[in-house]
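What follows is a single structure, written as structure tokens, with notes after it.
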Amino acid sequence: MAETVVPAPGAGAGRGDARDFRPSITKHKGRFGKAEIRYEAIAETIPIAGENGQPEAEIFSVGYTAITKAPAIRPVTFLYNGGPGSASFWIQMGAFGPKIVALNGPAGGSDRSSPGNPLVDNPDALLDVTDLVFIDPVGTGFSHAVGSTKDEAFFKITTDASSIAKFIRAWLTRHGRWQSPFRRWRILRIDQDRDDRRRRSVHDLQRCLPRLAGTRLGDGDHAARL
């Protein structure tokens, strides 16, 4: 249920428009696990810098953060697919987001043929135990290189991992969340980023199997879900 909307004029489509995207914040509530949670959905772009200190890309994300008395220490989980060509849309709208696309067609649960599928509440989302941030790697969604840098510069394992690590540090700084324990799902070489290891305390990494991308999480305790 949406309660208030802060519009984000200036959001565009295509390369370069991400820099004009002002954060959009909406407030909602839903029931996840056994708890009713009030939360904010935040769509935003965050710049990351190259070795020369100049912006080299702007990365788009959608975050779902619970409205609590102590948000700075609440766990946060970062979820993302790999670039190039794979945004976080389906892990958000097909499995882990608080709202997901209903894919059941006339033939039942295995029918994916019907267009115009509605959004439905996802009680299996993890907002009862962690905030969620869905990241579009550079070259997907609204995330693009800026200036003279090309998207293709991030289509390598090392630069892909490094850009995600930079984004996570920038997100934690922007939102004052360095005290939050956090997890990252979809692992390439991000944990081998030595610069990243120096800047973070002990956190957790999880591999999200590809088959989960279109599958709702089943019932179970929080440890199993995480």
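The values are calculated or read from the model by the stated rules, or taken from the named source; none is laboratory data. Since the model is a prediction, treat every value here as computed from it, not as a measurement. FYI the Cβ positions are ideal-geometry reconstructions off the backbone, even for glycines, and counts take in every protein chain you see. The area values use the complete protein model at the heavy-atom level, side chains included, leaving out ligands, DNA and RNA. Shrake-Rupley method; radii C 1.70, N 1.55, O 1.52, S 1.80 Å.
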Subject >> Qualifying positions in region 1-26 - assigned to a helix (DSSP H, G or I) and modelled with pLDDT of 95 or more >> reply: none
Original post:
Is there any pair linking a residue in region 160-182 that is under 16 Å from residue 73 (Cα atoms) and open to solvent by less than 30 Å² (accessible area, probe 1.4 Å) to one that is modelled with pLDDT of 95 or more and aliphatic (A, V, I, L, M), with Cβ under 7 Å and at least six apart or on different chains, and which?
Top reply: 171/46; 171/133
Original post:
Only one of these conditions is not met by residue 53: (1) under 14 Å from residue 170 (Cα atoms); (2) assigned to a strand (DSSP E or B). Which number is it?
Top reply: (2)
Subject >> Enumeration of residues in region 122-145 that are open to solvent by 20 Å² or more (accessible area, probe 1.4 Å) and assigned to a loop (DSSP other than H, G, I, E, B) >> reply: 123, 124, 128, 129, 139, 141, 142
**OP:** Could you please give the count of residues in region 158-176 that are outside any helix (DSSP H, G or I) and basic (Lys, Arg)?
**Re:** 0
Original post:
What is the number of the single condition among (1) open to solvent by 30 Å² or more (accessible area, probe 1.4 Å); (2) modelled with pLDDT of 95 or more that residue 32 does not meet?
Top reply: (1)
**OP:** Looking for whichever is at pLDDT below 90 and not β-branched (Val, Ile, Thr) here; the options are 171, 90, 178. Which one fits?
**Re:** 90
Original post:
Residues in region 130-158 that are of a type in the set (A, V, I, L, M, F, W, C) and under 16 Å from the mean Cα position of the chain (by Cα): how many?
Top reply: 6
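Here is a yes/no grid of residues against (1) at pLDDT 95 or above; (2) out of contact with any strand residue (DSSP E or B) (no Cβ under 7 Å at 6 or more places or on another chain); (3) surrounded by fewer than 18 Cβ atoms within 10 Å (Cβ to Cβ); (4) in a loop (DSSP other than H, G, I, E, B):
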{"position": "28", "(1), (2), (3), (4)": "yes, no, no, no"}
{"position": "48", "(1), (2), (3), (4)": "yes, no, no, no"}
{"position": "59", "(1), (2), (3), (4)": "yes, no, no, no"}
{"position": "64", "(1), (2), (3), (4)": "yes, no, no, no"}
{"position": "77", "(1), (2), (3), (4)": "no, no, no, no"}
{"position": "100", "(1), (2), (3), (4)": "no, no, no, no"}
{"position": "103", "(1), (2), (3), (4)": "no, yes, yes, yes"}
{"position": "114", "(1), (2), (3), (4)": "no, no, yes, yes"}
{"position": "117", "(1), (2), (3), (4)": "no, no, yes, yes"}
